Amino acid sequence: MRNITAAATTAVETPSPDAAVEVRGICKMYADMEALRSIDLDFPAGKLTTLLGPSGCGKTTLLKIIAGLIPATSGEVRVNGVAVTGPGPERAFVFQDFALMPWATVMRNVAFGLELKGMGKAERQAIARKYIAEVGLSGFEEKYPHELSGGMRQRVGLARAFAVNADVLLLDEPFSAVDEQNRRKFQEDLLRLVDLEKKTFIFVTHSIEEAVYCSDRIVILSRRPGRVAQIIEPEIDRTASPDAIRRDQGYLDTVEEIWQGLKRYVD
Amino acid sequence: MRNITAAATTAVETPSPDAAVEVRGICKMYADMEALRSIDLDFPAGKLTTLLGPSGCGKTTLLKIIAGLIPATSGEVRVNGVAVTGPGPERAFVFQDFALMPWATVMRNVAFGLELKGMGKAERQAIARKYIAEVGLSGFEEKYPHELSGGMRQRVGLARAFAVNADVLLLDEPFSAVDEQNRRKFQEDLLRLVDLEKKTFIFVTHSIEEAVYCSDRIVILSRRPGRVAQIIEPEIDRTASPDAIRRDQGYLDTVEEIWQGLKRYVD
Amino acid sequence: MTIFGYRVPMMASLLAWCVIWEIVGQMGVSFLIPPLSDVLVAAFSLVQTGTWQAAALTTLNSFVIGMALAIVVGVMLGLLMGRFPVADNLFGIWVNIFVSAPLSALVPVLMILFGMGETTVVVTVFLFAVWIIVLDTRAGIQAVPRSLEEMGRSYGAGGLRLYTKIILLAALPEILAGIRLGMVRGVKGVVIGQLLVSIIGYGELFELYSRNFDMENFWALTIILFAVAMGLSALIENIEKRVEYYAGVR
Amino acid sequence: APQAEAKVRVAYGDIASVENLHLLAAFELAKQKGVDIEMTYLKSEDIAAQAVVSGQADIGVGGPYALIQKVKVPVRIFLQLSTLRFYPAVNAEFYKTWKDLNGQEVAVHSRGSGTEAIMRLMEQKQGIKFSKISYIPGSEVRTGALLQGNVKATIVDSNGRRLLEQKAPGKFVILPMDGVNATDEALFARQDYLEKNPKDVDIIVESILTTWREVTKNPAVVAEWRAKYKLLPDLPADQVAEITPYFTELAEGKAFPLNGGGAAAAKDDFAFYTLSGQLTGEPASLKVDEFWALEPLNRVLGKVGTN
Amino acid sequence: MSAPAHANGSRRAISGTGASSFWGKLLEHRTALWRAASIALFFLVWEIAGRIPISFAFPTFLETLRAFLTMLFNGAFVAAYAETLQPLVIGITISAVLGVGLGILMGLSRFAEWLVAPVFIVLQAAPMAALIPLITFVYGIGLMSKTLAVVMLALPVIALNGYKAVRNTNPSLVDMCRSFQGSWWQRIVKIILPDASPIIFAGLRLGLAAGFIGVILAELLITPTGIGDLITYHRSVADYPEMYAAVVSIILVSTLTLSALEAFEVRVLRPEKRKG
Ligand SMILES: Nc1ncnc2c1ncn2[C@@H]1O[C@H](COP(=O)(O)OP(=O)(O)OP(=O)(O)O)[C@@H](O)[C@H]1O
Ligand SMILES: Nc1ncnc2c1ncn2[C@@H]1O[C@H](COP(=O)(O)OP(=O)(O)OP(=O)(O)O)[C@@H](O)[C@H]1O
Ligand SMILES: O=[N+]([O-])[O-]
Ligand SMILES: [Mg+2]
Ligand SMILES: [Mg+2]
């Protein structure tokens, strides 16, 4: 486990050459409320980085700034070296509440990013079908979201993000509306997909176990205003079985360490 | 770990003499839909028993039948040897959505069970105050539910159940509407309260870790129609620290075993 | 309450009330309440008269034009108010005043501003129906899950496409609810407009029959009108149900 | 010419019924003479007046003396259609004479209406004082209320009077009322309209005068016109039967002004309406040409002669 | 009236990006100012339209304001509202008692629901205005008739809201009360009624709005008295500023009454909505 502890106020990191996403001096004010204070972060390409922190610390805010959905008050985000000014095709977002269109079938939902790009129907459906299969939903193409369980809906959201073939996937608590057992299954599947898709994942969660279980790198944010408190690289052998990972001493130590750090924020 | 595996269709158990709640041959039909099929179970006094199973398997249904809130189609529930015909003072329910009265303060909510019994104001407030303190909410007596976080609201629900001094506490996914980190804290507190209050707890959850972490006994229900698939007694040393419990080999084995059993129900 | 779910019992109890009406009518309690059977007979011959057909046509015409205007303006204004704080601030106060104000008092004024005869009635229908459509559309637009809109933006839908592909569709259940309530109010508006200012169409017949104490025809008119009002509202409700079905657990 | 093709918009403060069949027939006659008339039926006389004032209608039907005295727009009456024919009716169980009404409540059509004027006049003439004058628009509504026992004293039109006599003979007393000779309904228009459209106006005036004269001569002709012009096609049979008796009664009572009122009628109205409070000022100080436009009537009378 | 500002709060900050969020922020702090501007703009348009004039029967805003103030201070409004509000208050009181009672009954009893709810559903959706002229035949033109007109319009709304409120009581609160062995009576008094009270009260507010409509219709269709008389009389003598002032006054009175009621509702019945 590589553990990079940063001073609470000035978490500075030397830019790594392989960073897919670079966050430089991001501050965010909501009216008079300071949500994020000078965030500097690098998200290495092909890795899954998790943002973890107490409720309201600005995880969602940071993710949306990276997505280009909301503007930062100051600072800059660069993706593959290019400054972000708004949403772009190299980034795709997976939403906590799935953000599926209730009036559209699974097929249309998954193909929606491609539809917006103006791709022809046959072509985009072929691509969508591939990703629907990849997330394990073959046979559900013509169902509507309300006919699926929470876990299945989030798979649709994931397939949609994969379908546009973005380099960076941004996932905001993708499992929080999914029941525990589905969630567990989904985590295992996600690891497989991370491996398969070779994309950069930025992942927000409240669950320490989930963070440690899935991530190559965990960024812990402090309570509001959010600052980088600590960066942890669990260095767990992800080729091991899920059960082995969950029994790994490094895994258990990391979970405990993070919990001891976060406990004080809980009411 | 004592592991009582029952045949999926006929889970029979010799009645233990110390059972606070005995469930005998409970079946439940919702119109034409069979929710529960001949459930036989004993819930030992002073212990925390968890009902675990896939979504829709009838956990809530069984808990409400025990609570006397809905009638069984056939079969019988006995609490302290007396057949259940409706809600009774020896059982108290903690609701998933907290079921707090939004128009009443924390104090009035906690004292509500006593208010319904016709207890005088001063007396019931004294009792309520004690339990508010016990769940860690001193100082919040005059707040309204909307001023509290999810975790705090559920503590109010728990205090209300303690206040009526029932022998049996029925908790339906009490933490599912609480965020992960608060939930973890709450689990630790619950263990303390189980120890302190010496009551019989029947607990429903979707989380395998939570079940194993908190329970003396785990009843696993099969997919709909719900039947008792397996009964597991984790036998974990609950005097150890939370971290130690979570690293315990028995704990990890039990989690893994249950997960392997339930995985097939996940979609 | 879901009328749909209670359709059968509802019909049944209305039938019970019809029987009571018939009995009271047969007992001759008051000339105001003729037996229902007489009313139905009157209704049957009434709909065959040219006078009724012309009146119904006039009324329908005013209603349809007024409603069409109300829907177009209402949805557009609701959309503007839901999306742009400036529009919300500018119009919010008036929409909220007029949605519950006794507009009947305004009806006599409308003629001066907009014109006489059918025009007055069209404007009355519009004025009765439009505010609730605005409010419901606005509520629908504001209830569009933020994530759904962000989803659209993050996948590259901007400007008009965001509205046509996401926002309007997502707000459709509320918009339809607004249109249904607007229709109910519009029917009231057409009658009030025809009773208070321009005595044309249905209003003229009501006036005529009540003046001549022709209660059979009066009630025949009323029953037809009420049935149409209920029918329209049930129709939209049906569409709403279908839309909500797709909306599922939103 | 474009003016001949433009529609003449007439605002009428009532619905079409047997009582105004003769007016409808007169308009049909005018239509045949090339004046395209468009009728709009409005809730009340004052809405019709409002329509004329605001320019929504060209010609209105009513008795707008008070309005003319107040409003900034020059509106002028140009033809009298009928004089007030109302019958004070009281429930015989309670009242028999005017004196009995002293300190009692009576109901009239509306504030400032002719019916109110009549009652105020009778108050003066009989030296009595009503406790309250309440307003019930619609003679038939007042008739109904009288029959139902909801009012005990009111004033009804000839139709109402006949209904009272039919439905409850002897139950109601019609109180005597001498020589009220004021305008009930008249045609009025904005002065600029009258000046710009003399041809249309003349045709309308002429049609009405000839119609009135014909009805007076032969009341049965109204029923024939109804058939000829397809007026009120779905009128119930019992009401069809009423047409001829109704017009016969009016003709016998000389209810149709055969010379269109004019200056003489205006003088009568000044006397009556100042007394009743609708007009302010001395009757003698009021000028006819501030209320009436006499030119159209004079032109037409010059053509068809006085009667 | 307070709803729009309330519902907007969070939304507003989200919707815009860049420049528009700057305006958003500016506007958020100036809501009251914007309302005032909106009202002023309306009056300005009215004044201009009146001056053109779009019609001789259309007074300017200032003329109307003058008439309004005159009628306010010469007692004309006081006398008119004394008369208009009488049937309104009586009618609403009757409707409230009857409607809330029936609503709760329908909410609690399936049979009452079956028998009564459809009637109210029909009455609420139907144009009752058509029936108002009939009232005169039976009840004449007095207070009784006008009160009845108010009841006819207000009762269905109030009853249906009471019914829906009771039917939609939060089931887990009811379960909670049962699980603590609350009696049937306690369940109604301590859970169902408090939980339903906001919607019942909202129903009363809607009922009052309908009652205003009812009393205006009665005063325009049955017999012109009170504010209805001010409208018809001033119209008949072509005092258009006075007529408009009367129309504006009734809209003002109903709006202010309803807003006051809503403010009361939020303050008294919704502790959870009071702050924030
Ligand atoms: N649109 C907004 N306007 C004003 N304040 C906001 C807005 N969005 C978020 N905030 C505030 O900014 C802070 C950070 O919010 P954010 O949603 O990013 O936190 P989070 O870490 O994602 O929280 P959670 O764990 O609850 O999802 C919070 O205090 C929140 O209340
Ligand atoms: N009142 C009811 N009427 C009809 N069916 C019901 C009712 N309540 C529950 N069910 C059905 O009975 C089955 C069991 O429901 P129950 O709520 O007991 O499951 P659960 O195990 O608690 O599920 P979850 O994990 O989602 O809470 C489900 O299929 C559910 O749809
Ligand atoms: O004023 N009305 O809405 O009838
Ligand atoms: Mg978040
Ligand atoms: Mg459940």
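The values are calculated or read from the model by the stated rules, or taken from the named source; none is laboratory data. Owing to the predicted nature of the structure, the values given are computational and were not obtained by experimental measurement. Here Cβ is always computed from backbone atoms with ideal geometry, including for glycine, and neighbour counts include all displayed protein chains. Remember, those area values only see protein heavy atoms, side chains included, never the ligands or the DNA or RNA. Shrake-Rupley method; radii C 1.70, N 1.55, O 1.52, S 1.80 Å.
Structure values in brief
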item	result
Area buried, chain E against chain C - accessible surface, total, 1.4 angstrom probe, square angstrom	5500 Å²
For peptides B:71-79, C:188-196, sequence by mean Cβ density within 10 Å, most packed first	C:188-196, B:71-79
Copy-to-copy label separations for A:Asp195, where each label sits 7 Å from Cα toward Cβ, in nm and ascending	4.0
Ordering of A:43-56, C:47-60, E:204-217 by packing [mean C-beta count within 10 Å, highest first]	E:204-217, A:43-56, C:47-60
Check: the stretch A:57-173 dipole with +1 on Lys, Arg Cβ and -1 on Asp, Glu Cβ, in debye	120 debye
Farthest toward positive dipole pole in the stretch B:95-149 [+1 Lys/Arg, -1 Asp/Glu at C-beta], among B:Val110, B:Ile127, B:Tyr144	B:Ile127
Under 15 Å, Cβ to Cβ, from D:Leu250 - net charge with Lys/Arg +1 and Asp/Glu -1	-2
Shielding score for E:219-227, defined as the mean number of other chain Cβ atoms within 10 Å	5
Residue-normalised accessible area of the stretch C:82-134, given per residue in Å² at a 1.4 Å probe	23 Å²
Net +/- balance of residues flanking C:Tyr163 in space, Cβ distance below 13 Å, scoring K and R +1, D and E -1	+3
Of C:Met76, B:Met29, E:Ile200, farthest towards positive along the dipole that unit charges on Lys, Arg, Asp, Glu beta carbons give the protein assembly as shown	E:Ile200
Rounded to the nearest 20 debye, dipole of the stretch C:50-249 from Cβ charges on Lys, Arg, Asp, Glu	600 debye
Average Cα contact separation per residue, the stretch B:101-165, under 8 Å, 6 or more apart, as relative contact order %	49 percent
Heavy-atom accessible area per residue - the stretch A:101-165, 1.4 Å, Å²	35 Å²
7 Å along Cα→Cβ, label-point gaps from A:Arg78 to other copies, nm, shortest first	7.6
Per the axis that maps chain B onto chain A, nearest residue of B (Cβ criterion) and its distance in Å	B:Glu209, 4
Antiparallel bridges, percent of DSSP beta bridges restricted to chain B (to nearest 5)	55 percent
Peptide-level mean, for C:90-96, of C-beta atoms on other protein chains within 10 Å	6
Teacher prompt: B:Ser138 distances to equivalent labels in other copies, 7 Å Cα→Cβ, nm	6.2
Of A:Lys263/B:Lys47; D:Lys267/E:Lys146; B:Lys59/B:Lys117; B:Lys28/B:Lys121; A:Lys28/B:Lys263; D:Lys70/D:Lys99, those spanning more than 32 Å from alpha-carbon to alpha-carbon	D:Lys267/E:Lys146; B:Lys28/B:Lys121; A:Lys28/B:Lys263; D:Lys70/D:Lys99
Residue-averaged 222 nm ellipticity for chain C, from DSSP H runs of 4+ at -39500 (n - 2.57), nearest 500	-27000 deg cm²/dmol
Zero-based 5 Å bins, Cα pair distances in the stretch B:101-165, whole percents	4, 23, 35, 25, 11, 2
Helix-only [θ]222 nm of chain D, DSSP H runs n ≥ 4, -39500 (n - 2.57) each, per residue, nearest 500	-13500 deg cm²/dmol
Positive dipole terminus of the stretch C:50-249, leading residue within C:Ala143, C:Leu196, C:Gly66 (C-beta point charges)	C:Ala143
Charged-residue dipole, Cβ positions (Lys, Arg, Asp, Glu), chain D about Cα centre, Debye nearest 20	360 debye
Rg/Rh (Cα only; Kirkwood hydrodynamic radius) as it applies to the stretch D:20-72	1.02
Chain B: DSSP helices with Cα axial extent of at least 15 Å and average Kyte-Doolittle hydropathy no lower than -1.0	B:121-134, B:150-163, B:249-262
For chain D: accessible area per residue (Å², 1.4 Å)	40 Å²
Surface share of carbon and sulfur [accessible, 1.4 angstrom probe, percent] for the protein assembly as shown	59 percent
Protection proxy ranking of D:81-93, A:233-245, D:215-227 - average other beta-carbon atoms within 10 Å, highest first	D:81-93, D:215-227, A:233-245
Antiparallel DSSP beta bridges within the stretch A:118-237, as percent of all bridges there, nearest 5	45 percent
